Amino acid sequence: MNSTETKLSGCFILEPRKLGDKRGYFFESFNEQTFQAVTNTATRFVQDNQSFSTKGVLRGLHAQAGAHAQAKLVRVLQGAVLDVAVDVRPGSPTFGEHVAVELSAENNLQLFIPRGFLHGFVVLSEEAEFFYKCDNFYNKESECGVIYNDATLNIDWKMVSSEFIIADKDAILPNFADFCASL
């Protein structure tokens, strides 16, 4: 597995080695020993989640607060998404900065997002199946987030905002400054 650390410390793009021939392909999408070695973490995943969405669906920017914070390893099984991670670790030299990576069924890239990050994605293809591993169990009371179009974060979602399909709860998330005031 090839790994590249992004400009955000601890956040990695992972690329599995794909073996192919006339029958199709095979790749190991996850191996705990390899993952821990390439990310230099002891992260252990306890929950897998999968979602299906259509073009323009924007999910995020989400996090779990406090003791329920989650690290995530995300990938796309079908279609393509623009995946975004925002560093909200107090004291981090890249606090408030983000990375955006296109993940697709074709490129097989994965993004590891450590605890202390907001996460979101928008579907670029007609449909997408999104899969993610979490290192902590979901807790509804610990949900938090930032509005996707926050001017301070200035995320280029690679789509016209009029094409977005957004959940009601995501449309009323606070701006980045208000989120930071609650840290």
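The values are calculated or read from the model by the stated rules, or taken from the named source; none is laboratory data. Everything numeric here is computed off the predicted structure, so don't read it as measured data. Methodologically, a virtual Cβ is constructed for each residue, glycine included, from the backbone with ideal geometry; neighbour enumeration extends over all protein chains shown.
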Taking the range 1-36, which residues are among the small types (Gly, Ala, Ser) and under 28 Å from His98 (Cβ atoms)?
Ser3, Ser9, Gly10, Ser29
The one condition in (1) more than 28 Å from Ala167 (Cβ to Cβ); (2) loosely packed, with under 12 Cβ neighbours inside 10 Å; (3) at pLDDT 95 or above that Gly20 fails to fulfil
(3)
Those residues of the range 105-114 which are touching a Lys or Arg at 6+ places or on another chain (Cβ under 6 Å) and under 24 Å from Ile166 (Cβ atoms) amount to Ile113
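For (1) of a type outside the set (S, T, N, Q); (2) out of contact with any Pro (no Cβ under 7 Å at 6 or more places or on another chain); (3) more than 24 Å from Glu163 (Cα to Cα), each residue gets a yes or a no:
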| site | (1), (2), (3) |
| --- | --- |
| Pro93 | yes, yes, yes |
| Leu103 | yes, yes, no |
| Gly116 | yes, yes, yes |
| Val123 | yes, yes, no |
| Phe130 | yes, yes, no |
| Asp135 | yes, yes, yes |
| Tyr138 | yes, yes, yes |
| Ile147 | yes, no, no |
Checking the structure you have, find out if any residue of the range 52-63 is closer than 22 Å to Asn136 by Cβ and among the polar types (S, T, N, Q).
no
Out of all the residues in the range 30-40, is one or more over 30 Å from Glu141 (Cβ atoms), in contact (Cβ under 8 Å) with a residue 24 or more places away in the chain and surrounded by fewer than 14 Cβ atoms within 10 Å (Cβ to Cβ)?
yes
Looking at Phe121, Phe112, Phe117, which is the one that is surrounded by 21 or more Cβ atoms within 10 Å (Cβ to Cβ), closer than 17 Å to Cys180 by Cβ and under 13 Å from the mean Cα position of the chain (by Cα)?
Phe117
If we ask which residues in the range 78-96 are at negative phi, surrounded by 15 or more Cβ atoms within 10 Å (Cβ to Cβ) and not β-branched (Val, Ile, Thr), their number turns out to be 8
When restricted to Gln110, Gln78, Gln70, the only residue among the polar types (S, T, N, Q), modelled with pLDDT of 95 or more and closer than 16 Å to Thr6 by Cβ is Gln110
Scan the range 32-54 and tell me whether some residue there is assigned to a loop (DSSP other than H, G, I, E, B), under 19 Å from Glu106 (Cβ atoms) and in contact with a strand residue (DSSP E or B) (Cβ under 8 Å, 6 or more places away or on another chain).
no
Of all residues in the range 160-183 being modelled with pLDDT under 95 and assigned to a loop (DSSP other than H, G, I, E, B), which is surrounded by the most Cβ atoms within 10 Å (Cβ to Cβ)?
Leu183
Filter the range 45-68 down to residues that are among the hydrophobic types (A, V, I, L, M, F, W, C) and surrounded by fewer than 19 Cβ atoms within 10 Å (Cβ to Cβ) and give me whichever is farthest from Val123 (Cα to Cα).
Ala67
Can you name the condition, by its number, that Gln36 falls short on among (1) touching a Leu at 6+ places or on another chain (Cβ under 9 Å); (2) under 16 Å from Cys11 (Cβ atoms); (3) not aromatic (Phe, Trp, Tyr)?
(1)
Which of the following residues is touching a Gly at 6+ places or on another chain (Cβ under 9 Å), among the aromatic types (Phe, Trp, Tyr) and either crowded, with 19+ Cβ neighbours inside 10 Å or over 20 Å from Glu28 (Cβ atoms) (or both): Phe137, Phe130?
Phe130
